[in-house]
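Reviewing the structure listed below.
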Amino acid sequence: MAIPLDRQAFEPARPRMSPARVLIYAILIVGSIGSLLPFIYMALTSLKTYGSVINDTFWPWAPFGTELPQLGNYPEAIRQVGYDSSWHTFLFFRYIANSLIVASVTVAGVLLTSVLAAYVFARMNVPGKNFLFLLILATIMVPNDLVLVPKVVMMFNLHWYNTYLALTVPFMGSVFAIFFLRQFFMQIPKDLYEAAVIDGAGHLRYLFSIMIPLSKPAIMTIGLLTFIAAWDDFKWPLLVTRDASMRVLAVGLQQFMQGEGGTNTQLLMAFAAIVVLPVLLLFILTQKYFTEGIVTTGIKG
Amino acid sequence: MVQQTETMARTHVPVVKARQRRVQEIALGYAMLAPALLLLVVFEFYPIFYGLYISLCNWRLGCNSFVGAANFTRALHDPEMWHSLWITTVYALLSVPLQLGLGLFLAYLLFQKIRYKPFFRTVFFLPYVTSSVASAAVWSYLYSPDRGPLNALLGALGFQPRNWLGEPLGIFTLIAQSLGLTLPSWAGGPSLALVSIVIYTTWVFVGYAITIFLAGLGTIPPELYDAAKVDGASGWVQFRYVTLPLLSPTTFFLLIFTVIGTFKAFNHIYVMTQGGPYNETTTASIFIFRQLFESNRYGYSAALSFILFFCILLLTIFQNRVVGRRVNYD
């Protein structure tokens, strides 16, 4: 046979299902079930009647029960959250719109400011650049909670309280994004720039027509992580908004849980499912960017 | 030579042009830096000093009266503040080892030649990317004392139902009670409410630890394992003498990151218990938030933030000194 003898002695040609491997798979499968069970419970409960929730019936549908999946829980949850009479729409739609507006405006803001700054740090020759970069890096050490109180007071002073400005602008400068993009930009060969300059392109032209298209993975990563963080944010919107119509989904969900949803668990679960779904889909579609970004930057958490 | 003299003869115009271009480049550079710098200075640097000013004030819409260090001395004499720091410490001591231990264990299993590895990775990671308010709401339902699935499971196994997030008694007290014993109150252990939150936290963050550990495991050269195998090292010996030391920088990073994370923890605790029962889950960040949000004590909560920051700083320095020394960077 072609396989050298010593190789054969140390490792079998292909791994067999030894008892140890069976144990590993068993642990991983049990772990995965533990990981998924809360999601499964959420999805199942959101489709139950109030009666089956009370009686703790795990599977009230065919073939074990006679109920039909209560898809109506979803519109019912939306109705129960309340009505915004000034906008003539359900409050729930305001929450969704607010979350989408806040998350996408924050993403756009972070990307714009960070791409410009990162480019200067990576490629341009500007006096004081290194000092400014160190200054920016130092802000990583400022924990968010330390500046929470003064930032809330600033929102009052600026008259931004209860507006979209308070929910987006303070998050548009991101040290992580600048650092991450700078690292990425520095990897792009300099020859490309020299070639572009010969063709008569300035810095901005070069940045937008060459650097940005080449840095798509890095920009996607930053965009996704910022979106998730904004979507998840709860403490800040709770502090700087007052009106129900200015709430984001996370705040709306918590308020609903304190009220109507506290007793109607199936409606609360329907609400939670609507909050969770977009992020899970986004994650599953773009996993590669996510995992890489989180490993390299440690953002979120 | 001929070329050089030619260029020297024509330098006058290009020098002016070059200087102009240089000035333009610098101006452009600063203009491109301006938005990010402005935002970071206004919302990261300036608030530190503004916060210090607020903490020295009796603040009602503005600095009503300058009270010096009064907010700080009041905090140091506030038993609730010390209690919240204690709860934070217990929370960290319970959840950090659980997250890191379980994370390393599962990452090590996944690192073996496993089929469907991406599937497992994704599944373990899902709780971490999920909106924390939504998942905490779901867990509140799992823990629900009257019709929660966890109590239904306990009932099916013949155990008595528990109050979970509403239970201020310590877990050792509860175990002793069910055995018909009584424990002195100091031996009661962390409240079941806090332990329930720790379980949730582990569920969320284990996927993050796994991801980081897997990245760390990938950097260990496989030849080292081969060499150990040739020397006849068993699986455990390989893990203890090859994996653990070479993984120590990753573990150290995760340790710092996770400890800071437990000190920042807010969303899930606020959603699940709002700090109750009897303040048994009021961590420092919950305490500060309630002083601000429910009692409108701006000066006091600003002072508390500085005290908490100081504690985290001390802890990080301590970890760097004591644990950092044992990290193997070769």
With a cut-off of 12 Å, note down the residues of segment A:159-179 whose backbone N falls inside the zone around a label point 7 Å from the Cα of A:His88 toward its beta carbon. none
Taking the Cα atoms only, what angle lies between the long axis of helix B:12-40 and the longest principal axis of chain B, rounded to 10 degrees? 10
Gain in length, A:Trp61 to A:Ile188, computed as 0.36 nm per residue apart minus the alpha-carbon separation, to one decimal in nm? 40.0 nm
Taking +1 at the Cβ of each Lys and Arg and -1 at the Cβ of each Asp and Glu, which of A:His159, B:Leu214, B:Phe309 sits farthest along the dipole of the protein assembly as shown towards its positive end, judged by Cα position relative to the Cα centre? B:Leu214
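Report the extension gain between B:Cys63 and B:Gln160 in nm, rounded to one decimal, defined as 0.36 nm multiplied by the number of residues separating them, less their alpha carbon distance.
On the way: separation 97, 0.36 × 97 = 34.92 nm, distance 5.42 nm.
Net length gain for the segment: 29.5 nm.
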For segment A:227-260, listing trypsin sites (Lys or Arg not before Pro) in a DSSP loop whose Cβ sees at most 12 other Cβ atoms within 10 Å gives A:Arg242
Just flag the chymotrypsin sites (Phe, Trp or Tyr not before Pro) in segment B:73-161 sitting in loop per DSSP whose Cβ has no more than 15 other Cβ atoms within 10 Å. B:Tyr116, B:Phe159
Provide the per-residue ³J(HN,Hα) series for segment A:124-129, in order, calculated from phi with Karplus coefficients 6.51, -1.76, 1.60 and θ = phi - 60°, each as a whole number of Hz, with x at glycine and proline positions. 9, 9, 10, x, x, 4
Computed FRET value (nearest 0.05) for A:Gln258 with B:Thr89, which takes r as the C-beta separation and R₀ as 51 Å: 0.95
With no solvent and one equal point scatterer placed on each C-alpha of the protein assembly as shown, evaluate the Debye formula and give log10 I(q)/I(0) for q = 0.07, 0.08, 0.09 Å⁻¹, two decimals. -0.54, -0.70, -0.87
Whole angstrom only: what separates the Cα centroid of segment B:211-276 from the Cα centroid of segment A:72-134? 33
Treating the angle as unsigned and between 0 and 90°, give the value, to the nearest 10°, between the Cα long axis of helix B:284-293 and the longest Cα principal axis of chain B. 80
Using a 1.4 Å probe on the protein heavy atoms only, what accessible surface does A:Lys190 show? Give it in Å² to the nearest 10. 120
Let's test the formula: R0 of 41 Å, r as the Cβ-Cβ distance of A:Leu100 and B:Asp231. What FRET efficiency results, to the nearest 0.05? 0.10
Along the dipole axis of the protein assembly as shown (charges at Cβ: +1 for Lys and Arg, -1 for Asp and Glu; origin at the Cα centre), the most positive-end residue among B:His83, B:Ser234, B:Pro145 is B:Ser234
In whole Hz, with x marking every Gly and Pro, tabulate ³J(HN,Hα) for segment B:175-182 from phi via Karplus 6.51 cos²θ - 1.76 cosθ + 1.60, θ = phi - 60°. 5, 4, 4, 5, 8, x, 10, 10
Give the peptides A:219-228, A:75-84, A:198-207 in descending order of average Cβ contacts within 10 Å, highest first. A:219-228, A:75-84, A:198-207
Pairs over 32 Å Cα to Cα, from A:Lys190/B:Lys117; A:Lys48/A:Lys151; A:Lys190/A:Lys235; A:Lys129/A:Lys216; A:Lys190/A:Lys288, come to A:Lys190/B:Lys117; A:Lys48/A:Lys151; A:Lys190/A:Lys235
When Cβ neighbours within 10 Å are restricted to other protein chains, what is their mean count per residue of peptide B:50-57? 3
Placed amide H near A:Phe90: partners under 5 Å, 5+ positions off or other chain: A:Asp84
What residues have an amide H closer than 5 Å to that of B:Glu167, excluding those fewer than 5 places away on the same chain, when H is modeled at 1.01 Å from N in the peptide plane? B:Ala193
So what are the ³J(HN,Hα) numbers for segment B:259-273, from phi and the Karplus equation (6.51, -1.76, 1.60; θ = phi - 60°), rounded to whole Hz, Gly and Pro as x? 4, 4, x, 5, 6, 8, 3, 9, 3, 5, 5, 5, 5, 7, 10
Sketch the reach of a paramagnetic label on A:Ala244 as a point 7 Å from Cα along Cα-to-Cβ, and name the residues of segment A:255-271 whose backbone nitrogen lies under 14 Å away. A:255-261
Enumerate cysteines in chain B without a disulfide-compatible partner, where compatibility requires another Cys Cβ under 4.7 angstrom. B:Cys311
Amide H neighbours of A:Gln70 under 5 Å, counting only residues 5+ apart in sequence or on other chains, H built in-plane at 1.01 Å? A:Lys48
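Hey, with R₀ at 25 Å, roughly what FRET efficiency would B:Tyr241 and B:Arg321 work out to, going by the Cβ-Cβ distance, to 0.05? Walk me through the intermediate numbers first.
Details: r = 25 Å, r/R0 = 1.00.
After rounding, the FRET efficiency stands at 0.50.
With a cut-off of at most 14 other beta carbons within 10 Å, and DSSP calling the residue loop, which trypsin sites (Lys or Arg not before Pro) in segment B:87-145 qualify? Please list them.
On the way: sites: B:Lys113, B:Arg115, B:Arg121; in loops: B:Lys113, B:Arg115.
When the trypsin sites (Lys or Arg not before Pro) of segment B:87-145 are filtered for loop state and at most 14 Cβ neighbours within 10 Å, B:Lys113, B:Arg115 remain.
The values are calculated or read from the model by the stated rules, or taken from the named source; none is laboratory data. It should be emphasised that the depicted structure is a prediction, and the values quoted were computed from it without experimental measurement. Backbone-built Cβ (ideal geometry, glycine too); neighbour counts: all protein chains shown. The area values use the complete protein model at the heavy-atom level, side chains included, leaving out ligands, DNA and RNA. Shrake-Rupley method; radii C 1.70, N 1.55, O 1.52, S 1.80 Å.
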